[in-house]
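First comes the structure, then the notes that go with it.
Throughout, read-outs are computed from the coordinates displayed, never taken from laboratory work. Predicted, not measured: the structure shown is a model, and the values here were computed from it. All Cβ positions, even for glycine, are placed from backbone atoms using ideal geometry, and neighbour counts span all protein chains on display.
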Amino acid sequence: MSYQDILKLDIHTHIIPEHIPHWVEKFGYSGFIDLHHHAPCKAKMMIGDKFFREIGHNTWDAEVRIQECDMDGVDVQVLSTIPVLFNYWAKANDALETSMFFNDHIAKVVDKYPKRFIGLGTLPLQDPQLAIRELYRCMNELGMAGIEIGSHINDWNLNEEELYPVFEEADKLGAAIFVHPWDMMGANKMNKYWLPWLVGMPAETSLAICSMIFGGIFERLPNLRVAFAHGGGSFPASIGRIEHGFNVRPDLVAVDNKVNPREYLGKFYIDSLVHDPKVLQFNLDLFGADKITLGSDYPFPLGEHHPGKLIESMGLSIETTEWLLNGAALNWLNRNLSDYK
């Protein structure tokens, strides 16, 4: 077997419908994303009159995605919404409506191309009971593999007791959870150099991991399948400091969970999106190949433009490469390789 023979499953890709309702007009307050299709195959994501990002048709057109996947040798993409569309800040019932809209769209794409795409839903997590209701619909009616959530929910970090019932229900339903940074900490102090994306995002992911570890989420729900974006952000490089803090100030760190944070390495997943072979090798040594999944952040510029190229460039064994390109992802998603061949 060669690298070219290994099925390539990318867990970290984002999608948006080509057209979005004008939520501002319907709900009567601002903050929601609008799409302005200002040129062929291009659209501007706008928040009111503020420009957020320009996107191309590969962000919404499934056929274009498949063409680009074929060019890059990607067999399957896991689809999740763009984090700016979480709408956690909105009124809960309005966020439920937007979540249902985005989830229905993803489900339709997956239903049309079931061997090329797998869906993750989004939830109105500012209201955990509504979130559980939509989680149930995602899993039992839409046939999704799990959900994508943010690195925090407004003022709640992921350890907050209000969110625990959602994790508990995800565990019962067998839902995979993909944690993606959003609404980056300190963004108001990082107005230049794209620093919220370069500094804030890795910190947000470490915040999410530490919150779940120290909050005892993994201890209470040992079978919960959670993957974190961007190679775990700054967490892997900080584990020594995190463990040292746990050891020297347990009165501050170990208040909700008495287990050393290092014990959780290998008990959750991270994606491969680190852009550096030495960092990926470090993560392999730290987590193991069976807990690292291919993730590209397609179709955005901070992603890996040729998904899997870093993995394939490192001269890893076929067995390790297979874990990274599909094996770990299939375990996380609770899917079978035969379903996509």
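Gain on full extension, evaluated as 0.36 nm per residue between K192 and K267 minus their Cα-Cα distance, stands at 23.4 nm.
Let me know the longest stretch in the chain that avoids all GluC sites (Glu not before Pro) found in a DSSP loop with at most 15 other C-beta atoms within 10 Å. It runs 161-341.
Using 0.36 nm times the number of residues separating Q67 and E141, minus their current alpha carbon distance, what extension gain do you get? Walk me through the numbers on the way to the answer.
Details: separation 74, 0.36 × 74 = 26.64 nm, distance 2.88 nm.
Once the chain is fully extended between Q67 and E141, it gains 23.8 nm.
Using only side-chain charges placed at the Cβ, +1 for Lys and Arg and -1 for Asp and Glu, the dipole size of segment 1-155 relative to its Cα centre rounds to 100 debye.
Be a star and scan segment 133-171 for residues whose amide nitrogen sits under 15 Å from the point 7 Å along the Cα-to-Cβ vector of R220. Counting backbone N atoms under 15 Å from the label point, the list is 157-171.
Within the chain, the longest run free of chymotrypsin sites (Phe, Trp or Tyr not before Pro) that sit in a DSSP loop with at most 12 other Cβ atoms within 10 Å is 195-341. Basic side chains Lys and Arg get +1 at the Cβ, acidic Asp and Glu get -1 at the Cβ, and with that the dipole of the chain about its Cα centre reaches some 320 debye. The stretch between S317 and K108 holds 71.5 nm of extra length on full extension. This uses 0.36 nm per residue minus the Cα-Cα distance. The equivalent ellipsoid of the chain has semi-axes of 28, 26, 20 Å, largest first, where each one is the square root of 5 times an eigenvalue of the Cα gyration tensor. Spatially, segment 86-110 and segment 169-224 are offset by 20 Å when compared through their Cα centroids.
What's the exposure ranking of M71, M212, M184, M190, going from fewest to most Cβ atoms within 10 Å? All intermediate terms of the calculation are to be shown ahead of the outcome.
Numbers: M71 9, M212 26, M184 21, M190 16.
With the sparsest Cβ surroundings first, the list reads M71, M190, M184, M212.
Take the cross-link list K115/K341; K8/K341; K50/K108; K267/K291; K44/K108; K8/K291 and give me the ones stretching past 19 Å between alpha-carbons.
Beyond 19 Å between Cα atoms: K50/K108; K44/K108.
For segment 313-337, backbone nitrogen atoms closer than 12 Å to the point 7 Å from Y3 Cα along Cα-to-C-beta are found at 313-318, 321-322, 325.
Once you sort the root eigenvalues of the Cα gyration tensor of segment 93-198 as a ≥ b ≥ c, which label holds: rounded (a/c under 1.5), prolate (a/b larger than b/c) or oblate (the other case)?
Oblate, because a/c is 1.5 or more while a/b does not exceed b/c.
If each DSSP helix of 4+ residues adds -39,500 (n - 2.57) and the sum is divided by the residues in the chain, what number results at 222 nm, nearest 500 deg cm²/dmol? After summing the helix terms and dividing by the residues of the chain, the value is -10500 deg cm²/dmol.
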